[in-house]
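Beneath this line is the structure, given in structure tokens, with notes to follow.
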Amino acid sequence: AQKVTQAQTEISVVEKEDVTLDCVYETRDTTYYLFWYKQPPSGELVFLIRRNSFDEQNEISGRYSWNFQKSTSSFNFTITASQVVDSAVYFCALSEARQSGSRLTFGEGTQLTVNP
Amino acid sequence: KAGVTQTPRYLIKTRGQQVTLSCSPISGHRSVSWYQQTPGQGLQFLFEYFSETQRNKGNFPGRFSGRQFSNSRSEMNVSTLELGDSALYLCASSLVGGGSSGNTIYFGEGSWLTVV
């Protein structure tokens, strides 16, 4: 069965520090999709990135970057020069291609607090 | 382009009552899925609808049900409410197959349900 683990429950940093959120996943499927979402206190899950299992190219988007490594089943997320507005809960999620339709398995989430 | 819209945003119900939550997906999206978020269990998949048919179902009792209309709008219903049903209920929409086809899954702001 699929599983996503975010070992870091809470992270607290000072503004402008870099921070990396860890995500480790388990799946028996050879084709799968990984997601990162941000959840501010309002509750909405804001989509950040989707990565396909067959595309290991890492990506940088502004202050965000992602490191996908199939060999270690990890999909880590880094925020460079963190800002107070980055404070939120971040979720890593997995969807397997062998399942019909869409069904996300989420990690436990990491509460990120960026202090001024 | 409007995002995923959920109503109501907040509601309080009494044990034993039933509740109906509504979700309007992003225009053009045909897949709608529902998730329950609680502090203890995290984010859990409830079910997914596509073209008015339930395509996927999570491990929830039969008190939780849903439906999808021809315009892709969806409702979920919880009957005989229990205190443990207090949660944030999130609706998500995707173009066709969601995660299994690599489509991005977008979430609404959620409906906060409190059962007293």
task: Figure the gain on full extension for A:V24 and A:T9 (residue separation times 0.36 nm, minus the Cα-Cα span) and round it to one decimal in nm.
output: 4.0 nm
- prompt: How much area per residue is accessible in chain A when the probe is 1.4 Å and only protein heavy atoms are counted (Å²)?
  reply: 47
query: Per the 1.4 Å probe, what fraction of the accessible area of chain A, in percent, lies on carbon and sulfur atoms?
result: 47
- prompt: GluC sites (Glu not before Pro) within segment A:9-60: which are DSSP loop residues with at most 14 other Cβ atoms inside 10 Å?
  reply: A:E15, A:E17, A:E56
statement: Bounding extents of segment A:4-102 in its principal axis frame from Cα atoms, largest first in Å, are 41, 28, 24
- prompt: What's the center-to-center distance, using Cα atoms, between segment B:52-91 and segment A:2-19 in Å?
  reply: 31
- request: State, in square angstrom and to the nearest 100, the accessible area buried between chains A and B, both chains counted, probe radius 1.4 Å.
  value: 2000
query: In segment A:61-106, which residues give up 40 Å² or more of accessible area once the other protein chains are added, compared with their chain alone (1.4 Å probe)?
result: A:S100, A:G101, A:S102, A:R103, A:L104, A:F106
statement: Computed Rg/Rh for segment B:18-116 (Cα atoms; Rh = Kirkwood radius) stands at 0.95
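If you keep only loop residues by DSSP, which chymotrypsin sites (Phe, Trp or Tyr not before Pro) in segment B:32-74 have at most 13 other Cβ atoms within 10 Å of their Cβ?
Numbers: sites: B:W34, B:Y35, B:F45, B:F47, B:Y49, B:F50, B:F64, B:F69; in loops: B:F69.
Hits after loop and neighbour filter: B:F69.
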- line: Sorted largest first, the C-alpha extents of segment B:1-57 along its principal axes in whole angstrom are 36, 23, 21
message: Can you give the longest run of chain B that contains no GluC sites (Glu not before Pro) sitting in a DSSP loop with at most 14 other Cβ atoms inside 10 Å?
response: B:1-51
message: Quick check: at a probe of 1.4 Å, how many percent of the accessible area of chain B sits on carbon and sulfur atoms?
response: 49
task: With the cut-off at 18 Å, report for segment A:44-116 the share of all Cα pairs above it, as a whole percent.
output: 47
Taking the C-alpha atoms of the protein assembly as shown, convex hull volume expressed per residue in Å³: 122
- prompt: What is the calculated FRET efficiency for B:R73 to A:V46, with r their C-beta to C-beta distance and R₀ = 25 Å, to the nearest 0.05?
  reply: 0.70
task: Using the Karplus curve 6.51 cos²θ - 1.76 cosθ + 1.60 with θ = phi - 60°, work out ³J(HN,Hα) for each residue of segment B:48-54 in order, rounded to whole Hz, and write x for Gly and Pro.
output: 9, 10, 9, 6, 6, 10, 6
statement: With every protein chain kept in place and a 1.4 Å probe, chain B has an accessible area per residue in Å² of 44
Net lengthening on full extension, A:T78/A:S61 (0.36 nm per residue, minus Cα-Cα): 5.1 nm
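Taking loop as defined by DSSP and a crowding limit of 13 other beta carbons within 10 Å, which trypsin sites (Lys or Arg not before Pro) in segment A:20-116 fit?
A:R28, A:R63, A:R98
The values are calculated or read from the model by the stated rules, or taken from the named source; none is laboratory data. These figures come from a predicted structure and were not determined experimentally. So basically every Cβ, Gly included, is an ideal-geometry build from the backbone, and we count neighbours across all protein chains shown. Quick note on the areas: whole protein, heavy atoms, side chains included, nothing else; ligands and nucleic acids left out. Shrake-Rupley method; radii C 1.70, N 1.55, O 1.52, S 1.80 Å.
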